[in-house]
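Here, each number is a calculation from the coordinates, and none is a lab measurement. What you see is a predicted model, and the numbers here were worked out from it, not measured in a lab. In this analysis, Cβ positions are derived from the backbone assuming ideal geometry, glycine residues included, and neighbour counts consider all displayed protein chains.
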Amino acid sequence: MTANYYNQAKYLLGVAEMKQLPDDTGFEVAFAGRSNAGKSSLLNALTLNKQLARTSKTPGRTQLLNFFVLGDDAERRLVDLPGFGYAKVSKAMKGRWQRVIYTYLEQRQCLVGVVLLMDIRHPLKPDDLMLIDWAKRAQMPMHLVLTKSDKLSRQQQIKSLNQVKKSLKDSGLNDFSLQVFSSVKKTGLDELYGVLDGWYEL
């Protein structure tokens, strides 16, 4: 499927509690990552829509589970999860976010895959590893994306990619696909489209 399909994405709703979720049908792909991993920028690049997801210099702006439908196809949705990490919110708020995120991940029957974003310069933080470990135990398909690759040279990108692969293998967590990505240069888009096409059964 080409970008023409994904650039039809439209905001559906944002939810703070499980009871507000849309019907548990169709296909959903969730996007997760630390508050500074570039999640909003990736979603905007993916959909060729700079206005789709809010970007901010202040990490942690996404405080809801935001759902986007792919055009008129309400059966296929993108889900932008609240960022985890050092967002400047209270510990109580962070705890609530985490509970909502993991409750969604564990209970959502239409969830077909998770895209985990990590800054290529700072990958595999404890929160990342916890989510990767969950995906392995839950047998949930996961695609790991090393973002902000434009910040490094090509040689540095390859070095970081190989280091992540080795770390995951050494930890027994090498069940998942992995790529580098740049929202600025739009590198890695075709690879990401391919993964999503497979999950969405396009």
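Okay, here's what the table says:
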{"quantity": "Ranking of ASP119, ASP72 by count of other Cβ atoms within 10 Å, fewest first", "calculated": "ASP72, ASP119"}
{"quantity": "Segment 149-202: trypsin sites (Lys or Arg not before Pro) in DSSP loop, at most 14 other beta carbons within 10 Å", "calculated": "LYS185, LYS186"}
{"quantity": "Given LYS125/LYS159; LYS10/LYS136; LYS125/LYS148; LYS50/LYS169, the pairs whose alpha carbons are separated by over 27 Å", "calculated": "LYS10/LYS136; LYS50/LYS169"}
{"quantity": "Fraction of beta bridges assigned by DSSP in the chain that are antiparallel (%, nearest 5)", "calculated": "35"}
{"quantity": "Max mean-square fluctuation residue, GNM over the chain, Cα-Cα springs under 10 Å, options ALA45, ALA74, ALA138", "calculated": "ALA138"}
{"quantity": "Net charge of Cβ neighbours under 12 Å - reference ALA16; Lys, Arg +1; Asp, Glu -1", "calculated": "+2"}
{"quantity": "Exposed GluC sites (Glu not before Pro) absent: longest stretch of the chain, with sites in DSSP loops and at most 16 other Cβ within 10 Å deemed exposed", "calculated": "18-200"}
{"quantity": "Helix runs (DSSP H) in the chain reaching 15 Å along axis by Cα, Kyte-Doolittle at least -1.0", "calculated": "91-107, 126-138, 189-200"}
